[in-house]
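The values are calculated or read from the model by the stated rules, or taken from the named source; none is laboratory data. These numbers come from a predicted model, not from an experiment. All Cβ positions, glycine included, derive from the backbone under ideal geometry; neighbour counts span all protein chains shown.
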Amino acid sequence: MNDSTLTLPPKPPKPRPVRPAVNAVALLSGAVLLFWLIAALIGPSLMSQGGASMGEDAVFAPISAAHWFGTDFLGRDVLARVVQGTRYTVGVALTATLLASGSGTLLALLAAASGRWLDAVLSRAVDTLTSVPGKMFALIMVAAFGSRLPTLILTAAIIYLPGAYRIARSLAVNIDAMDYVTVARTRGEGRLYIMLHEILPNIIGPMLADLGLRFVYVVLLLASLSFLGLGVQPPAADWGSLVRENIGALPLGSAAIIMPALAIASLTIAVNLLIDNLPGSARGGH
Amino acid sequence: MGAPVTVSGLNIVAHTRGGDQPIVKDLNFSIAPGEVLALIGESGSGKTTTALALMGYARNGCRIAGGSIRIGDVDVLSLSPAETRALRGRRVAYIAQSAAASFNPSRSIMDQVVEPALIHALMPREQAEAKAVALFRELALPNPETIGSRYPHQVSGGQLQRLMAAMALISDPDLVILDEPTTALDVTTQIEVLRAFRRVVRERRATAVYVSHDLAVVAQMADHILVLRDGAMREIGSTEQIIEAPENDYTQSLLAAAQPKAREAGQASASAESRPLLQVSGLSAGYGPRDRSGQPATLILQDIDVKLYRGQAIGVIGESGSGKTTLARAVAGLIAPAKGSIVFDGRELGSTLKDRPKEDLRRIQIVFQMADTALNPSQTVERILARPLQFYRGLQGAALQARIQQLLDLVQLPAALAQRLPGGLSGGQKQRVNLARALAAEPDLILCDEVTSALDTVVGAAVLDLMAQLRRELGVSYLFISHDLHTVRSVCDEIVVMQQGRKLAQVARADFERGPHHPYYELLARSVPELRRGWLDDVPAAVAA
C-alpha cells in the first residue's frame, strides 16, 4: 500500500518487471488442476483403447509407446485406468470437500452472528460429530448403505465438516467482535447480511487455504477406503483403488503403481499451491 | 551513568516489491551523557524505527542500510549477532509503549524484572532482587518489598509501566529508550509515571531517548527535541527553543495542533427548543446475567442523567473504566438498560436494537475510535458508504453515486479514494470515511467514541475541525466521548464528568475556565499536560498522589 503514497526517485530506463495479477506458481498449479478437470470431463471419450480391454498384453509391462503408463495386474492400460479414475477421484473428492467446507463455514457464520444459545447448540452438535473416529464412521456408513457414490460423498463431507466449522467459527467470532460489525448491527442489518457481507469476505482467505488442505484429506480418505476395498467398486476405480489393485507391482517398481500415486500427489499439491497463491488469499495477496 | 550517543548518516530502508523504500533518511544527531533527547513526529515518521536502530535492531522487512551509531566507545552497527545480544538489555534498554503486552502473564513480576541482570550474569539473584526493590521504591511503587511477587494482571497499567522501567534500569544501562511509555495511560496516571521516570533518569544521569507524538509530554522530559517527518529530520534544538521559537514550519504546525483552541459552537439552540433531542434519565446498565430484580451482575453505569438539545455537542469525559463507552452503547441500543429511560425526540427508545424501528436506528449513528476496526477491510470506500444509503434510503445508480461523491466531498476526501480499500488509506482518511458513513444515514445524533484518540495531533485536530464544521453546516448533535479534556473542551458545549459509572458533574462551555468545579473535574483539568517547561513541577502534589 506504500506504492501509491511514496514517490520513487527517477530510475534509469530499465525494463521493470510488470507484476502479473496471478503469479507463475498459481498459473502452473492452475494448469495442472485444469488438466485433471478436463481429463475427468472428456478424458474417457478420448481414450482409443478402453481400460477394460485386457489379455493380449503382458502384466505389469513397462512404459512403452503403446502403453504410456505401462499395464496393470490384468494387462490393462494404466493411462486409460488413471483417466477413468479421474472422474471418481476429482468428482467425489471435490464435491465432498465443497460440501464439507461450504456447510461448515455457513454453520459457523450462523453460530457467530447469532446469539449464545444457537452457537452453543451448533458447537456441541459438531463436537459430537468430532468424537466419532472418521475411518470408523466411514466403515459404518459403507456397511449400512453400501459403497455407492452419494454415500461416499456424504460420508466424506460429514467427516470433514467439524474441522471446517471449528476453524471458520473461531475466525468468524473474532470478526464478529470488530467495530464494523457492531456498526452494521446498529444500522439494523439482518443476520444474513452480517454473515455474508461483513464476516464472510474477511474469513474467506483462510477458509480457502483450509479448503485446499481438506481436499487433500478427502482424496486420501477416499483412496484409503478404496485401498481397503470399500470405496469405488471394481471394475470402476478411483486412483486409490488403482494403487491397491497394483500393490503387487511394488517390488517390481512398475509404473502401474507409481503413476496413480503420482496423479494423487500432483492433484493435491496443485490445489494447495493454487489456493495459497490466489490474489487476496491469506499469503498470496499481500 | 550514561554514555554519549552519536548517530551519523543513519539510513534505514524497508523492502517492498518496487525495491528498497527509505524510511529513515540520513539522520545525524548526538546526545551528551545524562541528557534526554526526544524524537517527535506523527505515526510513520520513523521515530520508533530510529529508536530501535539504536539497539542495532531493525523490524521485520526493514534493514539498516548505512550510517554509524556509537554508544560510548561501541560501534553498534559493526557488532556480531552475539555481541549485539550482549549489548541489548545490558548497555541499551528499551521501555515499550504497552507494558501489558510486554510482560509475560504467567511469570511473577520479580522474575521478569531481574531477568536482564541474570541473563547478562551481572550479579547473583539475591543482589538483583535487592536492587529491584530499591528501584521499585525509587519509582514510587506501592509495597516495594512485596510487589515483585505479584503477577502482571494484579497491578495497574501505570504500575506495570513503572515496573518495566525497573526492568530496563536494573542493568544500569548506558542508554534508555522510552517508546511512548505513557501514551496508553490515563492523564492522572500519566503524571505519576512521568514523575517517576524523570526522577530515575535524572538521579541516575542516564542518557535517554524519549519517543513520543505528544509535545506537551516531551516538554517535561527532554533536554533536546528532534522533530522527524517522513524519516527525515526537520529540526533539532533545545526544548525551550523548539517550544518557544520553532524554525521549521512543520514544527510550528505541530505546536499549533497541540494548543487547545475552541471551535465555533454553531446553533446550540437549547433555549429555542424546549424539548431535548436526547434525554437520558436515571440510566443504569451493566453486563452479565441479571438477577431477579433485573440488576446485571456487574453494574457499569448508575443513575445517569444527560440532556442533549438539537445541534448541541456534549462531551463525556472520564478515565478508563468510568463507564463512558457503556453510556454510548446504551444509547446506541447495544446494551439494554437495567433501569431508567432513554427518550429520543420525545419518544422512548427501545432497550435493544431489535426493539427499535429502522428510523430510530438511522437517526442515531455511532463512530468508533479505531478506524482500523471500524471499517470492513474487504469493502471499498464506495461500498462502505453506499450501504447505509441503500439500506435507509434505497438510493441506486446515478443518485447513489452522486451522494457518495457528495459525502466524500463533505469530509474533504478526494473522489478518487472511493475505489480504495481501507488498507490503502491513512489513519486520518479512515476516520473521515468512518464519519462519512455515519453522515450517510443523515442522523440527528452522532455518538463519537474517542474518535481522535488513535490519531496524531495534527490529523486529530483536522478531524475535530471537520466535525465542528459539520455541526455548523448540518446541525447534527454529538455525544462526544473522550478521555482527553483538551479535545472535549474544544468541541463541546457542555461536559459531563464521569467516574466509576456515575455522573459527577456537568460543566457548561461558559464555565470551562471559571471555577470552582467538582474536584475531580479540577483534577482532570490539571492533569492534562501543558506545553511549557516546568509544568510537571507545578502540578500540585495532590494530583500526583
Exercise. Within the range B:482-490, identify whether any single residue is in contact (Cβ under 8 Å) with a residue 12 or more places away in the chain, in a strand (DSSP E or B) and closer than 19 Å to residue B:326 by Cα, and answer yes or no.
Key: yes
Quiz item: Which numbered condition trips up residue A:257, out of (1) in contact (Cβ under 8 Å) with a residue 24 or more places away in the chain; (2) part of a helix (DSSP H, G or I)?
Solution: (1)
Quiz item: Can you name the residue in the range A:187-198 that is more than 18 Å from residue B:357 (Cα to Cα) and facing another protein chain (nearest Cβ under 9 Å) and, of all such residues, is surrounded by the fewest Cβ atoms within 10 Å (Cβ to Cβ)?
Solution: A:197
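For (1) aliphatic (A, V, I, L, M); (2) assigned to a helix (DSSP H, G or I); (3) within 28 Å of the chain's Cα centre (by Cα), each residue gets a yes or a no:
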site	(1), (2), (3)
B:66	no, no, no
B:85	no, yes, no
B:100	yes, yes, yes
B:112	no, yes, yes
Quiz prompt | Filtered residue count, the range B:342-370, keeping only those that are farther than 16 Å from residue B:276 by Cα and among the β-branched types (Val, Ile, Thr) | solution = 3
Quiz item: Could you say which residue among A:209, A:157, A:184, A:172 is more than 14 Å from chain B (Cβ to nearest Cβ), assigned to a helix (DSSP H, G or I) and either without any contact (Cβ under 8 Å) to a residue 60 or more places away in the chain or buried (at least 21 other Cβ atoms within 10 Å of the Cβ) (or both)?
Solution: A:157
Exercise. Kindly provide the set of residues from the range A:127-155 that are within 18 Å of the chain's Cα centre (by Cα) and within 23 Å of residue A:111 (Cβ to Cβ), ordered by number.
Key: A:134, A:154
Quiz prompt | Lone unmet requirement of (1) at pLDDT below 85; (2) touching a helix residue (DSSP H, G or I) at 6+ places or on another chain (Cβ under 8 Å); (3) surrounded by fewer than 17 Cβ atoms within 10 Å (Cβ to Cβ) for residue A:116 | solution = (2)
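Could you tell me which residue of the range A:119-136 is modelled with the lowest pLDDT, considering only residues that are assigned to a helix (DSSP H, G or I) and among the hydroxyl-bearing types (Ser, Thr, Tyr)?
Applying the first criterion (assigned to a helix (DSSP H, G or I)) to the range A:119-136 yields A:119-130, A:134-136.
Then drop every residue that is not among the hydroxyl-bearing types (Ser, Thr, Tyr), which leaves A:123, A:128, A:130.
Details: A:123: 91, A:128: 90, A:130: 87.
If we take residues in the range A:119-136 being assigned to a helix (DSSP H, G or I) and among the hydroxyl-bearing types (Ser, Thr, Tyr), then A:130 is modelled with the lowest pLDDT.
Please specify each residue of the range A:212-246 satisfying the condition of being outside any helix (DSSP H, G or I) and buried (at least 21 other Cβ atoms within 10 Å of the Cβ). Before the answer, list the steps.
Residues of the range A:212-246 that are outside any helix (DSSP H, G or I), as a first pass: A:228-238, A:246.
Answer for the range A:212-246, where residues must be outside any helix (DSSP H, G or I) and buried (at least 21 other Cβ atoms within 10 Å of the Cβ): A:231, A:232, A:237, A:238, A:246.
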Practice problem: Name, by its number, the condition in (1) farther than 25 Å from residue B:426 by Cα; (2) surrounded by 14 or more Cβ atoms within 10 Å (Cβ to Cβ); (3) under 27 Å from the mean Cα position of the chain (by Cα) that does not hold for residue B:96. | Solution: (1)
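Count, please, the residues in the range B:136-150 that happen to be part of a loop (DSSP other than H, G, I, E, B) and either of a type in the set (A, V, I, L, M) or surrounded by fewer than 15 Cβ atoms within 10 Å (Cβ to Cβ) (or both).
The initial filter retains those residues of the range B:136-150 that are part of a loop (DSSP other than H, G, I, E, B), namely B:139-146, B:150.
Of the ones still in play, those that are also either of a type in the set (A, V, I, L, M) or surrounded by fewer than 15 Cβ atoms within 10 Å (Cβ to Cβ) (or both) are B:139-143, B:145-146.
Total meeting the criteria: 7.
Just to be sure, is residue B:177 modelled with pLDDT of 90 or more, closer than 24 Å to residue B:39 by Cβ and either surrounded by fewer than 20 Cβ atoms within 10 Å (Cβ to Cβ) or not basic (Lys, Arg) (or both)? First the steps, then the outcome.
Details: modelled with pLDDT of 90 or more: yes; closer than 24 Å to residue B:39 by Cβ: yes; either surrounded by fewer than 20 Cβ atoms within 10 Å (Cβ to Cβ) or not basic (Lys, Arg) (or both): yes.
The answer is yes for residue B:177.
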Quiz item: Out of the range B:320-345, which residues are away from chain A (no Cβ under 13 Å), aliphatic (A, V, I, L, M) and touching a residue at least 60 places away in the same chain (Cβ under 8 Å)?
Solution: B:327, B:342, B:343
Practice problem: Name the single residue, out of those in the range B:346-368 being more than 8 Å from every other protein chain (Cβ to nearest Cβ) and either in contact with a strand residue (DSSP E or B) (Cβ under 6 Å, 6 or more places away or on another chain) or among the acidic types (Asp, Glu) (or both), that is farthest from residue B:446 (Cα to Cα). | Solution: B:355
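So for the range B:220-241 (the condition being farther than 30 Å from residue B:523 by Cβ, hydroxyl-bearing (Ser, Thr, Tyr) and in contact with a Pro (Cβ under 9 Å, 6 or more places away or on another chain)), does at least one residue qualify?
Our first condition is that a residue be farther than 30 Å from residue B:523 by Cβ; within the range B:220-241, this holds for B:224, B:226-238, B:241.
Next cut, hydroxyl-bearing (Ser, Thr, Tyr) only: B:238.
From what's left, in contact with a Pro (Cβ under 9 Å, 6 or more places away or on another chain): none.
Within the range B:220-241, not a single residue is farther than 30 Å from residue B:523 by Cβ, hydroxyl-bearing (Ser, Thr, Tyr) and in contact with a Pro (Cβ under 9 Å, 6 or more places away or on another chain).
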